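Here is the structure we will look at, set down as structure tokens.
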């Protein structure tokens, strides 16, 4: 079965990229580049799912909604 997971990429203070999977709380990774961070979070998601399954823990995937908000900012 193929599942799609939303990931969030943010730049850290050193210029690296932090990747987070909000559907799996606590599932984070990073990389020096965007591509590296994406590959690393892919591995982290896989390991997280495998670990939860091996421990007999239910794989609870938190639903995520993506939307935008607009606001006026000064400057």
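Quick notes on this one:
- Selected residue (criterion: modelled with the highest pLDDT) from residues of the range 12-26 that are closer than 19 Å to residue 66 by Cα and surrounded by fewer than 14 Cβ atoms within 10 Å (Cβ to Cβ): 26
- Of the residues making up the range 1-11, those that are closer than 12 Å to residue 45 by Cβ and at pLDDT below 95 number 4.
- Looking only at residues in the range 30-57 that are out of contact with any strand residue (DSSP E or B) (no Cβ under 8 Å at 6 or more places or on another chain) and within 16 Å of residue 8 (Cα to Cα), the one that is surrounded by the most Cβ atoms within 10 Å (Cβ to Cβ) is 45.
- The range 27-75: number of residues that are assigned to a loop (DSSP other than H, G, I, E, B), modelled with pLDDT of 90 or more and either in contact with a helix residue (DSSP H, G or I) (Cβ under 7 Å, 6 or more places away or on another chain) or at positive phi (or both): 1
- Looking across the range 58-75, the residues that are loosely packed, with under 10 Cβ neighbours inside 10 Å, within 15 Å of residue 23 (Cβ to Cβ) and free of Cβ contacts under 8 Å to residues at least 60 places away in the same chain come down to 58, 60, 62, 63, 65.
The values are calculated or read from the model by the stated rules, or taken from the named source; none is laboratory data. Since the structure is predicted, the reported quantities are computational estimates derived from the model, not experimental observations. Don't worry about glycine lacking a Cβ; one is built from the backbone with ideal geometry, like all the others, and counts go over all protein chains shown.
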